[in-house]
Amino acid sequence: MYIQQGTKEYDVAIVGSGAGGGMAAKVLAESGADVVMLEAGPWFDSEEFAMFKWPYESPRRGASIPEQEFGEFDACYGGFNLEGEPYTTAPGTNFAWFRARMLGGRTNHWGRISLRFGPEDFKARSVDGHGDDWPISYEDIKPYYDRLDREIGIFGTNEGIYNEPGGIFQPPPKPRCYELKVKEACDRMGIPCIPSRLSILTKPLNGRAACHYCSQCNRSCSTHSNFSTPSVLLPPALETGNLEIINHAMVREVLTDGNGRATGLSYVHKPDKKEYQVKARIVVLAASACESARLLLNSKSAQHPNGLANSSDTVGKYLMDSTGTSVAGIFPQLFDMPAHNEDGVGGMHLYMPWWLQQANTDFPRGYHTEIWGGRGMPSYGFMGGIQNYNGMFGDGDGGEREKGGGGYGQQLKEDYRRFYGSVIGFSGRGESIAYEDNYCEIDPDTVDQWGIPVLRFHYNWSEEEYKQVRHMQLTYRELIEEMGGTILGGDMPSREQGYGITAPGQIIHEVGVTRMGEDPSSSVVNEYGQAHDVDNLFVVDGGPFVSQPHKNPTWTILALSMRASEYMVEQRNQGNL
Amino acid sequence: MEDKPREERHHSRGNSSTNARRSGASGGRGGADRTSGAGGSTFTRREALKTLTLASFATVGLTMTGCQNSPENPANNPFGEGVSPEDLEMWNRSFFTEHEFETVRQLTNMIIPADERSGNAEEAGVPEFIDFMMLDRPGNQTPIRGGLNWLDAQCRKQFGGNFVDCTEEQKHAMLEQIAWPEDAEPGMEPGVRFFNRMRDLTASGFWSSETGIDDIGYIGNMATSWDGCSDEACEHVGVSYEES
């Protein structure tokens with residue numbers, strides 16, 4: 001294959017346009033650097049997507065399609081299975097790898113839950129002996145969180161909980177009525193239930209409008225009221241005139257010179273399937289944690305025989321995802337609810353932070369709890385499986401039903417009306433521990449459609465994660481009973497059923513595979529995401545995470561990328577890069 | 001009755017009186033759902049199918065009068081501009097045979113009948129929606145087609161004819177055996193599974209239609225301000241913003 005070599009040398013080449021890459025592009029372009037960004041997927045404009053669409057405007061009523069696993073109106077193009085881009089898992093292990101392929105990556109998908117990592121999260125080994133401490137503390141990253149709050153915007157409340165640091169919050173939306181019901185029960189049980197912290201504007205900010213409460217954040221937002229990089233970070237970066245974005249660019253490898261320094265990137269341009277190279281003085285990887293690790297492992301050379309930046313043999317190791325499980329209940333107090341608008345913002349208005357830091361739980365680390373339910377817009381899958389519960393509650397007029405669940409006809413039609421909006425669910429998102437044995441590596445036998453060797457995953461939950469998820473199950477079941485509801489889905493899953501734990505990867509919080517540290521023999525990058533082995537190579541996605549607290553990673557990826565990118569600017573100004 | 005794909009039968013039929021009532025499945029806000037005048041040539045696929053099924057109810061083995069796409073309406077599109085050409089092409093194809101479609105039409109109307117608040121499944125476009133989902137999700141095809149054949153086989157065994165040929169009493173007697181999973185007799189499991197699927201597909205299609213959304217009382221999908229749930233709703237749930 002001919003390789004098309006560009007003659008231009010950029011100051012910076014960035015792989016990926018998600019949270020890490022978008023922030024790096026903004027900071028570096030605004031500093032005057034000449035930046036090129038390579039994105040494997042297409043362009044995306046949040047002003048031209050599916051906001052306000054009704055399900056009946058599509059023949060499939062919002063159902064998922066292979067290219068949009070969370071539904072055809074969900075703004076994220078991607079999924080756990082991409083055609084032509086396989087990955088493998090080692091026998092006896094399990095990992096589900098979600099990949100987005102579009103401008104903005106998974107910032108188009110996420111729930112906008114933006115929880116700061118707290119002081120104990122950065123020093124967890126010192127607290128409980130598991131995993132490792134980060135080379136930075138909360139105080140190092142706090143100024144960047146503060147700036148995210150001011151510049152991107154977030155709502156929430158300052159609650160004074162030590163390891164759940166507050167921020168510079170816009171006012172939170174009032175809870176929905178069913179969320180108040182949850183809070184009442186939580187108060188009785190001694191579980192904090194507080195306003196959620198989502199990067200959605202409730203007041204105008206920096207030229208962006210406040211939320212209009214259509215609840216469709218997952219469809220992107222045509223008024224730029226929530227955060228995604230194409231909506232918030234890339235427009236100002238492009239306005240500088242210093243950022244060039246190349247879409248449909250699948251990066252094959254990081255190029256290096258005879259001294260082992262990075263010189264640019266080689267990529268396949270999907271539309272013409274030709275191989276291109278871009279030259280750059282600094283290479284920034286933000287392709288997603290595992291995709292960046294894959295790139296490093298595939299970038300072998302005489303100077304880097306074990307893969308680029310991998311003299312520590314740590315690239316790909318310490319892979320983490322959040323644990324998860326869900327329990328839902330149905331609540332007779334919510335039957336036959338008067339019709340009312342319950343949309344609110346896209347996501348929960350209240351959540352439950354971890355509350356047992358000081359307690360003697362039989363597992364390390366904690367979890368937070370997300371609340372869901374309500375009278376959402378009916379679409380494909382609406383009230384599926386009603387036969388599992390409509391038999392439990394009489395005929396609606398105080399009488400007995402002749403038969404159990406299921407049915408058809410007038411009674412069934414009335415059941416749908418009666419039970420609509422009466423289910424409330426709880427989803428735990430917990431911290432797993434970083435283990436060297438949970439890792440990805442290059443599968444020697446398999447390549448993707450462009451001939452790029454793919455990843456093979458090795459991942460198993462440890463006993464600690466099972467015990468944690470058991471605690472979630474017990475808590476949510478008690479909570480549902482406390483609220484006077486009926487648990488859906490039957491008995492609690494057994495240990496053999498993993499207590500209902502999600503498969504590793506399914507929570508889509510994959511981090512850790514290019515971890516940061518002070519010691520080059522046990523970590524890949526330093527606290528600025530700079531590779532120990534290659535000074536002009538940086539990783540600014542979730543890869544450098546040393547631990548994955550139960551808090552969704554995006555806000556911390558943004559903060560770390562801002563910090564790393566400003567370090568790059570400073571080093572450039574000093575002539576060091 | 002011989003099963004023939006209805007592939008080529010989407011377009012206009014002469015009997016416009018049966019099309020006068022527009023289905024509530026889509027349209028209004030999508031903007032492109034048009035109902036033809038007498039003898040017109042702009043029926044939607046759904047309406048054409050409805051005509052067909054009503055006609056076939058009375059007449060077995062009718063023939064179609066040919067395709068009459070008009071230049072101003074090259075394909076039946078009840079969805080508006082947002083629908084992709086690929087989806088529209090699929091929408092204008094059919095999966096079910098005429099006999100299967102008629103069975104689905106009757107089943108979905110039994111699952112969600114008309115009442116004083118809204119129309120039945122057919123009036124909300126549910127049979128056409130299910131037909132589309134067979135093509136869109138091929139994994140549906142064997143379970144649903146197989147289930148329809150299981151149903152016909154049971155009806156022939158018990159009542160001497162296919163489901164659509166049974167009396168209303170017989171049809172109800174059949175559904176009573178498969179619509180209540182916990183009460184179903186051993187041997188009815190395939191029918192229970194099939195009916196669970198049909199119930200779910202019917203609910204998806206009905207409640208996500210314009211008719212269904214109005215009926216169920218979903219209010220939203222609009223720009224608004226948010227000041228919490230209504231007093232009425234809070235009172236119903238037994239909570240108040242003052243106390244919290």
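The values are calculated or read from the model by the stated rules, or taken from the named source; none is laboratory data. Bear in mind that the values here come from a model prediction, so they are computed numbers and not experimental data. Glycine gets a Cβ as well: all are built from the backbone with ideal geometry, and neighbour counts include every protein chain shown. Protein only, heavy atoms only, side chains kept; ligands, DNA and RNA dropped before computing areas. Shrake-Rupley method; radii C 1.70, N 1.55, O 1.52, S 1.80 Å.
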Practice problem: Using the Karplus curve 6.51 cos²θ - 1.76 cosθ + 1.60 with θ = phi - 60°, work out ³J(HN,Hα) for each residue of the stretch A:422-434 in order, rounded to whole Hz, and write x for Gly and Pro. | Solution: 9, 9, 10, x, 10, 10, x, 10, x, 7, 9, 9, 6
Practice problem: Quick one: angle between helix A:289-298 and the longest Cα principal axis of chain A, in degrees between 0 and 90, rounded to 10, please. | Solution: 30 degrees
Quiz item: Could the peptides A:567-573, A:118-124 be put in order, highest first, of the mean number of other beta-carbon atoms found within 10 Å of their residues?
Solution: A:118-124, A:567-573
Self-check item: Accessible area (Å², per residue) of the stretch A:294-378, counting only protein heavy atoms and a probe of 1.4 Å
Solution: 29 Å²
Quiz prompt | Selection of chymotrypsin sites (Phe, Trp or Tyr not before Pro), the stretch A:144-184, meeting DSSP coil and at most 15 other Cβ within 10 Å | solution = A:Tyr162
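Kindly work out what percent of the DSSP beta bridges joining two residues of the protein assembly as shown are antiparallel, to the nearest 5.
Of the beta bridges lying entirely in the protein assembly as shown, close to 65 percent run antiparallel.
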Quiz item: Ignoring ligands, DNA and RNA, what accessible area per residue does the stretch A:381-476 give at 1.4 Å, in Å²?
Solution: 36 Å²
Quiz item: Counting only protein heavy atoms and using a 1.4 Å probe, what share of the accessible area of the stretch B:191-244 belongs to carbon plus sulfur, as a whole percent?
Solution: 42 percent
Quiz item: So what are the ³J(HN,Hα) numbers for the stretch A:566-577, from phi and the Karplus equation (6.51, -1.76, 1.60; θ = phi - 60°), rounded to whole Hz, Gly and Pro as x?
Solution: 5, 5, 4, 4, 4, 5, 5, 5, 7, x, 8, 10
Quiz item: In whole Å, what are the Cα extents of the stretch A:359-421 along the three principal axes, biggest one first?
Solution: 51, 28, 17
Practice problem: On a C-alpha basis, how far is the centre of the stretch B:191-240 from the centre of the stretch A:541-577 in Å? Whole number, if you could? | Solution: 43 Å
Quiz prompt | Sites matching GluC sites (Glu not before Pro) across the stretch B:192-244 that sit in DSSP coil, with at most 11 neighbouring C-beta atoms within 10 Å | solution = B:Glu242, B:Glu243
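Using protein heavy atoms only (no ligands, DNA or RNA), what is the total accessible area buried between B and A, 1.4 Å probe, nearest 100 Å²?
For B against A, buried area totals roughly 6000 Å².
How much length is gained if the chain between A:Thr240 and A:Ala209 is pulled fully straight, taking 0.36 nm per residue apart and subtracting their Cα-Cα distance, in nm to one decimal?
Working it through step by step, the gained length comes to 8.9 nm.
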Practice problem: Starting from the stretch B:77-123, pick out the trypsin sites (Lys or Arg not before Pro) whose DSSP state is loop and whose Cβ has at most 13 other Cβ atoms within 10 Å. | Solution: B:Arg117
Quiz item: Can you tell me the accessible area per residue over the stretch A:140-179, all protein chains present, probe 1.4 angstrom, in square angstrom?
Solution: 38 Å²
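Rule-of-thumb check for the protein assembly as shown: C-alpha Rg over 2.2 N^0.38 Å?
Computed over Cα atoms of the protein assembly as shown, the ratio equals 1.01.
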Practice problem: Over the stretch A:347-499, calculate the relative contact order: mean separation of alpha carbon pairs under 8 Å at least 6 apart, over the residue count, as a percent. | Solution: 22 percent
Practice problem: Provide a whole-number value for the mean count of partner chain Cβ atoms within 10 Å of the Cβ atoms in peptide B:122-129. | Solution: 1
Quiz item: Roughly speaking, what % of Cα-Cα pairs in the stretch A:32-129 are separated by over 18 Å, rounded to a whole number?
Solution: 65 percent
Practice problem: Using only protein heavy atoms and a 1.4 Å probe, report how much of B:Asp231 is accessible, in Å² to the nearest 10. | Solution: 130 Å²
Self-check item: Check: chain A dipole with +1 on Lys, Arg Cβ and -1 on Asp, Glu Cβ, in debye
Solution: 960 debye
Practice problem: Enumerate the whole-percent occupancy of each 5 Å bin, from 0 to the last occupied one, for all C-alpha pair distances of the stretch A:208-280. | Solution: 3, 13, 16, 12, 15, 14, 11, 7, 6, 2, 1, 0
Exercise. Return the carbon/sulfur percentage of the accessible area of the stretch A:353-449, one whole number, probe 1.4 Å, all protein chains in place.
Key: 41 percent
Self-check item: Computed [θ] at 222 nm, helices only, for chain A once each DSSP H run of length n ≥ 4 contributes -39500 (n - 2.57)
Solution: -6000 deg cm²/dmol
Quiz item: In debye to the nearest 20, how big a dipole does the stretch A:110-151 give about its Cα centre with +1 on each Lys and Arg Cβ and -1 on each Asp and Glu Cβ?
Solution: 200 debye
Quiz item: What angle, in degrees between 0 and 90 and rounded to the nearest 10, separates the Cα long axis of helix A:463-482 from the longest principal axis of the Cα atoms of chain A?
Solution: 30 degrees
Quiz item: Going by alpha carbons, how many degrees (0 to 90, nearest 10) lie between the helix axis of A:410-419 and the longest principal axis of chain A?
Solution: 60 degrees
Quiz item: Expressed as a fraction of 2.2 N^0.38 Å, the rule-of-thumb size for a compact globular protein of N residues, what is the C-alpha radius of gyration of the stretch A:452-521?
Solution: 1.58
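In percent, how large is the relative contact order of chain A, given Cα pairs closer than 8 Å and 6 or more residues apart?
Value for chain A: 23 percent.
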Quiz item: Which whole-Hz couplings ³J(HN,Hα) result when phi for each residue of the stretch B:159-172 is put into the Karplus expression 6.51 cos²θ - 1.76 cosθ + 1.60, θ = phi - 60°, listed in order with x for Gly and Pro?
Solution: 10, x, x, 5, 3, 5, 8, 6, 6, 4, 4, 5, 4, 4
Quiz item: Using bins 5 angstrom wide from zero, how does P(r) for the stretch A:446-577 break down, in % of all Cα pairs?
Solution: 2, 8, 13, 14, 14, 13, 11, 9, 7, 5, 3, 1, 1, 0
Exercise. With unit charges on the beta carbon (Lys/Arg positive, Asp/Glu negative), name the residue among B:Gly217, A:His471, A:Ser46 whose Cα is farthest towards the positive pole of the charge dipole of the protein assembly as shown.
Key: A:Ser46
Exercise. Please tell me the relative contact order of the stretch A:1-69 in percent, rounded to the nearest whole number, where contacts are Cα pairs under 8 Å and at least six residues apart.
Key: 27 percent
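Taking each pair of distinct Cα atoms in the stretch A:135-276 once, what is the resulting Kirkwood hydrodynamic radius in Å?
Hydrodynamic radius (Kirkwood, Cα only) of the stretch A:135-276 equals 19.2 Å.
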Quiz item: Per residue of A:162-174, what is the mean number of Cβ atoms on other protein chains within 10 angstrom of that residue's Cβ?
Solution: 1
Self-check item: Other-chain or far-sequence residues with amide H under 5 Å of A:Arg176's (modelled H)
Solution: A:His349
Practice problem: Could you tell me which of A:Ala293, A:Tyr408, A:Trp355 has its Cα farthest along the dipole of the stretch A:292-416 towards the positive end, charges placed at Cβ (Lys, Arg +1; Asp, Glu -1), taken about the Cα centre? | Solution: A:Ala293
Quiz item: On the first, second and third principal axes, largest extent first, how far apart are the outermost C-alpha atoms of the stretch B:128-190 in Å?
Solution: 33, 27, 17
Quiz item: Do the alpha carbons of any pairs in A:Lys203/A:Lys551; A:Lys8/A:Lys273; A:Lys274/A:Lys317 sit beyond 27 Å of each other, and which pairs?
Solution: A:Lys274/A:Lys317
Practice problem: Mind giving me the FRET efficiency for B:Asn140 and A:Asp272? R0 is 41 Å, r the Cβ-Cβ distance, nearest 0.05 is fine. | Solution: 0.65
Practice problem: For the stretch A:467-546, give the percent of accessible area contributed by carbon and sulfur heavy atoms, probe 1.4 Å, rounded to a whole number. | Solution: 41 percent
Self-check item: Amide hydrogen neighbours beyond the local backbone of A:Asn536, cut-off 5 Å, H modeled
Solution: A:Ala262
Self-check item: Orphan Cys of chain A, criterion: no other Cys C-beta under 4.7 Å
Solution: A:Cys76, A:Cys211, A:Cys214, A:Cys217, A:Cys221, A:Cys290, A:Cys440
Exercise. For A:Lys274, enumerate residues with amide H under 5 Å from its amide H, sequence gap 5+ or separate chain, H modeled in the peptide plane.
Key: A:His269
